[in-house]
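Structure record follows, encoded as structure tokens.
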Amino acid sequence: MAVETRRDGSGYLHRPQPSGLAEVVDLILDKGLVIDAYIRVSLVGIEVLTIDARIVIASVDTYLRFAEAVNRLDLAAQGKDLTDVVSDTQEGGTKRKVSGAIEGVKEKLPGGGDREEEREKETARA
Amino acid sequence: MRQPTSDPATAGPRENGGQYIYGFARAAEARGIAEAGLGDPAASVAVISHGRVSALVSDVPPGPVRADRRNLDAHSRVLQAAFEQFPVLPMRFGVVVPGEDELRSALERNGDELERMLVEVAGRAELRVTVYYDEEAILREIVAEDQAVARLREATRSVPGDAGYFQRVRLGELVADAMGRKRQSDEARILGRLRPLAEAVESQGELPEAVVVRASFLVETAKLGDFEAALEDVSRDFEGRGRVKSVGPLPPYSFVDVRLPPPEGA
């Protein structure tokens, strides 16, 4: 059984436990074998899955966000020690990085059984 | 309390009620799974065999089965436990057959296909890899590499409010374009490193901005070490620019994305 390991020397390779629900919930709901006509479980509760749609890159809002982000960059800080950058990144963690990037574009999963590969599910709050 | 068995004649004290299917395995290999099944109290997981294929099932509890955390987790854990003991075809969450007769009939109809797929996934696991950008680091790269971006950045920083609106839109567009090009080349490099070690790859096309790659790899168990080493390479390659996350080994969810035909008359 693979468990969470974090190897020294490469703090970037992050391995959550494979059975962690958040890591596999979209696989369980979107992938896997199906026998047609036999999906009889009441998928009540699916709607509480929060899913996050991708921001369309070619939009004025996105451009303005990027413009603001590059304007905010403190280039003087560019010379900061690499280890600072490393620890910043690690402390940031997946959740913050991801939620920062998808900025609240959230929608409800519209009922069970449908498949929209485009969407990005983040958490199950069932 | 729990009587997992591969003998259909003694498959436990169930009525001929609905059976929730976790997955399929070869009858010669399938064993009962101690992990708790769906429902509250949790149903035990049993093995129902027909011909050379078995189904891992549990009784559907009375009342609606909810796709809540507990049940999703049970589905995932049962399959993970099974996968660690024998090759398994994972079902998507939520597949129920009305009773054991229908289950046997499904195994009868689809047994050959299921057996063929079981041979394909035997000795293989799904590894799911996600590579995230550190957005600030990437923006710094773009400002440093792209003179037009650097110039517009200087120009718009000193222009407050609406006055610089169109310049800011243009700046953002240039940044988005540059980021798109970076993603393309980074994605190609990552997949180029990992793909040769996998039997199959399922790459997710539409991704959040911060994600460079999200892909599932079907990897032979014997090559898992090589794959891990390649992941370490990718990870080092992204030092200071992003992070690599790997989940697995998992049951091959992404590689059994198949709909079996409905029963006749259904």
Checklist entry - Just wondering, is there one or more residues in the stretch B:47-65 that are within 16 Å of A:ILE28 (Cβ to Cβ), surrounded by fewer than 24 Cβ atoms within 10 Å (Cβ to Cβ), at pLDDT below 90 and aliphatic (A, V, I, L, M)? => result yes
Checklist outcome for this item: Note on the stretch B:219-235: residues buried (at least 19 other Cβ atoms within 10 Å of the Cβ), of a type outside the set (Val, Ile, Thr) and either touching a residue at least 60 places away in the same chain (Cβ under 8 Å) or in contact with a Pro (Cβ under 9 Å, 6 or more places away or on another chain) (or both) are B:PHE227, B:ALA230, B:LEU231
Item to check | Criterion violated by B:GLU35 - all others in (1) within 13 Å of chain A (Cβ to nearest Cβ); (2) at pLDDT 95 or above satisfied | outcome: (2)
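Just need a number here: residues in the stretch B:141-157 that are free of Cβ contacts under 8 Å to residues at least 24 places away in the same chain and either more than 7 Å from chain A (Cβ to nearest Cβ) or among the acidic types (Asp, Glu) (or both).
First, the residues of the stretch B:141-157 that are free of Cβ contacts under 8 Å to residues at least 24 places away in the same chain: B:143-144, B:147, B:150-157.
Of the ones still in play, those that are also either more than 7 Å from chain A (Cβ to nearest Cβ) or among the acidic types (Asp, Glu) (or both) are B:144, B:147, B:150-152, B:154-155.
So the answer is 7.
Test B:ARG26 against the criterion of being in contact with a helix residue (DSSP H, G or I) (Cβ under 9 Å, 6 or more places away or on another chain), within 11 Å of chain A (Cβ to nearest Cβ), charged (D, E, K, R) and closer than 18 Å to B:VAL256 by Cα, and give yes or no.
No: the conditions fail for B:ARG26.
Among the residues of the stretch B:87-99, what is the count of those that are crowded, with 21+ Cβ neighbours inside 10 Å and more than 8 Å from every other protein chain (Cβ to nearest Cβ)? So that I can check it myself, show each step before the final result.
We begin by selecting, within the stretch B:87-99, every residue crowded, with 21+ Cβ neighbours inside 10 Å; these are B:87-97.
Within this subset, residues satisfying the condition of being more than 8 Å from every other protein chain (Cβ to nearest Cβ) are B:87-88.
Adding up the residues that qualify gives 2.
The values are calculated or read from the model by the stated rules, or taken from the named source; none is laboratory data. All values derive from a computational prediction rather than experimental measurement. Methodologically, a virtual Cβ is constructed for each residue, glycine included, from the backbone with ideal geometry; neighbour enumeration extends over all protein chains shown.
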